[in-house]
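Engineer: This is the structure I have questions about; it appears just below.
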Amino acid sequence: MEKIKVLIIGSGPAGFTSAIYTSRANLSPVLYEGIEPGGQLTTTTEIENFPGYPEGITGTAMMEDLKKQALRFGADVRRGIITDIDLSERPFKVTVDHEHKIEAESVIVCTGASAKYLGLESEAKYRGMGVSACATCDGFFYRKQDVAVVGGGDTACEEATYLASICRKVYLVVRKNYLRASKAMQERVFNTPNIEVLFEHNTREVLGDENGVTGALLYHSVTGEERTIDITGFFLAIGHHPNTEVFKGQLALDEQGYIKVEPGTSKTSVEGVFAAGDVKDPHYRQAITAAGSGCIAALDCERWLLAQ
């Protein structure tokens, strides 16, 4: 059975930053990239708000840069998915791809969170070409254009009001006949003149061409009446799903499934296990905050190992 000092699970900004720091500390980390090598950023076309890239960079290229930096310092980056893990005692027992067995002295969990989508074929077709699950990340590209936000909760209302500050018009497509958002957020939406709320509407299809999204075909959930809206951006704000299935019953999770950590640290409910990035952050979900928490997790892990 292979024995390693630091196991990093996940390959987004948090995972690779953890790998860079633990490699430079001579901890010989092994990083498994998981089901989506590079994480959610690989589905983003252009990133303009990550420090150090004044001209912007694609998500895929940025993740390749982070990976190269981790490899430069000696991180062992591998393809593979953690299919089973036992955190009941140290060393932790880990199974990769249902067959390869590992014993790890410490674990840094960076498995991220996946945005929820409607499941439409056309939605998948235009992902990264006008379809986005992060207005803060991608809204800048739709300045003075017409866009739509799908959702009725606080996140949807917050994204709609943000987009309204830079876009010409925002359609807020709400499945129910009311908003689930807090009263304060509802008031912000209703008091923003360039937001049009479409209650009891669902998306039948995202429309587009070779250049990206051009509109959306909606239908009224009660009458069935169809309506086409002309938009260039289609933003999903219907929630995220933390990738924590393999840790259920072993790590303390909140009611949404995000990993709980001690405030101000990356320490989980199990000594020797640390968490970083979106898997423990339901609020910010930015590449830069994920990278910062990856640094914190690496330093926490290094100090913990030195104390053993």
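The values are calculated or read from the model by the stated rules, or taken from the named source; none is laboratory data. It should be emphasised that the depicted structure is a prediction, and the values quoted were computed from it without experimental measurement. So basically every Cβ, Gly included, is an ideal-geometry build from the backbone, and we count neighbours across all protein chains shown.
Engineer: Please state which one of Asn177, Asn191, Asn211, Asn202 is within 23 Å of Lys125 (Cβ to Cβ), outside the structural domain of Val107 (by TED's automatic domain parsing) and out of contact with any strand residue (DSSP E or B) (no Cβ under 7 Å at 6 or more places or on another chain).
Structural biologist: Step by step, each of Asn177, Asn191, Asn211, Asn202 is checked, and only Asn211 is within 23 Å of Lys125 (Cβ to Cβ), outside the structural domain of Val107 (by TED's automatic domain parsing) and out of contact with any strand residue (DSSP E or B) (no Cβ under 7 Å at 6 or more places or on another chain).
A quick yes/no check of all residues on (1) among the aliphatic types (A, V, I, L, M); (2) in the same structural domain as Leu27 (by TED's automatic domain parsing); (3) within 19 Å of Leu27 (Cβ to Cβ); (4) in contact with a Gly (Cβ under 9 Å, 6 or more places away or on another chain):
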site: Pro54; (1), (2), (3), (4): no, yes, no, no
site: Leu66; (1), (2), (3), (4): yes, yes, yes, yes
site: Ala70; (1), (2), (3), (4): yes, yes, yes, yes
site: Ala75; (1), (2), (3), (4): yes, yes, yes, no
site: Gly80; (1), (2), (3), (4): no, yes, no, yes
site: Thr83; (1), (2), (3), (4): no, yes, no, no
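Engineer: Sticking with this structure for a sec: For the stretch 130-212, which fully contained helices (runs of 4 or more DSSP H) count at least 2 residues that are within 21 Å of Arg285 (Cα to Cα)? It would help to see each step written out before you state the result.
Structural biologist: Working: elements: 135-138, 154-164, 183-190.
So the answer is 135-138, 154-164.
Engineer: Taking the criterion of being farther than 23 Å from Gly128 by Cβ, assigned to a helix (DSSP H, G or I) and among the β-branched types (Val, Ile, Thr), would at least one residue in the stretch 22-44 satisfy it? Outline the logic, then answer.
Structural biologist: Taking the stretch 22-44 as the starting set, the residues that turn out to be farther than 23 Å from Gly128 by Cβ are 22-32.
Restricting the remaining residues to those that are assigned to a helix (DSSP H, G or I) gives 22-24.
From what's left, among the β-branched types (Val, Ile, Thr): 22.
Yes, there is a match, as at least one residue in the stretch 22-44 is farther than 23 Å from Gly128 by Cβ, assigned to a helix (DSSP H, G or I) and among the β-branched types (Val, Ile, Thr).
Engineer: Oh, and also: All but one of (1) in contact (Cβ under 8 Å) with a residue 12 or more places away in the chain; (2) buried (at least 16 other Cβ atoms within 10 Å of the Cβ); (3) assigned to a strand (DSSP E or B); (4) not small (Gly, Ala, Ser) hold for Lys67, so report the exception by its number.
Structural biologist: With respect to (1) in contact (Cβ under 8 Å) with a residue 12 or more places away in the chain; (2) buried (at least 16 other Cβ atoms within 10 Å of the Cβ); (3) assigned to a strand (DSSP E or B); (4) not small (Gly, Ala, Ser), Lys67 is out only on (3).
Engineer: Let me confirm something: among Ile85, Ile57, Ile81, which residue is under 30 Å from Phe141 (Cβ atoms) and either under 19 Å from the mean Cα position of the chain (by Cα) or surrounded by 16 or more Cβ atoms within 10 Å (Cβ to Cβ) (or both)?
Structural biologist: Checking each option against the conditions leaves just Ile57.
Engineer: So, of the residues in the stretch 261-279 that are closer than 19 Å to Phe92 by Cα and assigned to a loop (DSSP other than H, G, I, E, B), which turns out to be nearest to the chain's Cα centre (by Cα)? First the steps, then the outcome.
Structural biologist: Restricting attention to the stretch 261-279, the residues satisfying the condition of being closer than 19 Å to Phe92 by Cα are 261, 266-276.
With the extra rule that they be assigned to a loop (DSSP other than H, G, I, E, B), the set shrinks to 261, 266, 268-272, 276.
On the way: Val261: 18, Ser266: 18, Thr268: 20, Ser269: 22, Val270: 24, Glu271: 25, Gly272: 24, Ala276: 12 Å.
Only one residue fits best here, namely Ala276.
Engineer: Can you name the number of the only condition in (1) free of Cβ contacts under 8 Å to residues at least 12 places away in the same chain; (2) among the small types (Gly, Ala, Ser); (3) buried (at least 22 other Cβ atoms within 10 Å of the Cβ) that Ser165 fails?
Structural biologist: Going through (1) free of Cβ contacts under 8 Å to residues at least 12 places away in the same chain; (2) among the small types (Gly, Ala, Ser); (3) buried (at least 22 other Cβ atoms within 10 Å of the Cβ) one by one, Ser165 breaks only (3).
Engineer: Identify all residues within the stretch 91-129 that are under 17 Å from Gly272 (Cβ atoms) and surrounded by fewer than 16 Cβ atoms within 10 Å (Cβ to Cβ); write none if there are none.
Structural biologist: Glu103
Engineer: Out of all the residues in the stretch 36-45, is one or more over 30 Å from Met1 (Cβ atoms) and without any contact (Cβ under 8 Å) to a residue 12 or more places away in the chain?
Structural biologist: Taking every residue of the stretch 36-45 in turn, none turns out to be over 30 Å from Met1 (Cβ atoms) and without any contact (Cβ under 8 Å) to a residue 12 or more places away in the chain.
Engineer: Restricting to the stretch 142-162, and then to whatever is in contact (Cβ under 8 Å) with a residue 40 or more places away in the chain and among the polar types (S, T, N, Q), can you tell me which residue is farthest from Ile229 (Cα to Cα)?
Structural biologist: Thr155
Engineer: Can you tell me which of (1) crowded, with 24+ Cβ neighbours inside 10 Å; (2) part of a helix (DSSP H, G or I) is the one Leu7 doesn't meet?
Structural biologist: Failing condition for Leu7: (2).
Let's see how each residue does on (1) in the same structural domain as Thr214 (by TED's automatic domain parsing); (2) more than 21 Å from Ala133 (Cβ to Cβ); (3) of a type in the set (A, V, I, L, M, F, W, C); (4) free of Cβ contacts under 8 Å to residues at least 60 places away in the same chain:
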site: Thr244; (1), (2), (3), (4): no, no, no, no
site: Phe247; (1), (2), (3), (4): no, yes, yes, no
site: Ala252; (1), (2), (3), (4): no, yes, yes, yes
site: Tyr258; (1), (2), (3), (4): no, no, no, no
site: Glu262; (1), (2), (3), (4): no, yes, no, yes
site: Thr265; (1), (2), (3), (4): no, yes, no, yes
site: Gly272; (1), (2), (3), (4): no, yes, no, no
site: Ala291; (1), (2), (3), (4): no, no, yes, no
site: Glu302; (1), (2), (3), (4): no, yes, no, no
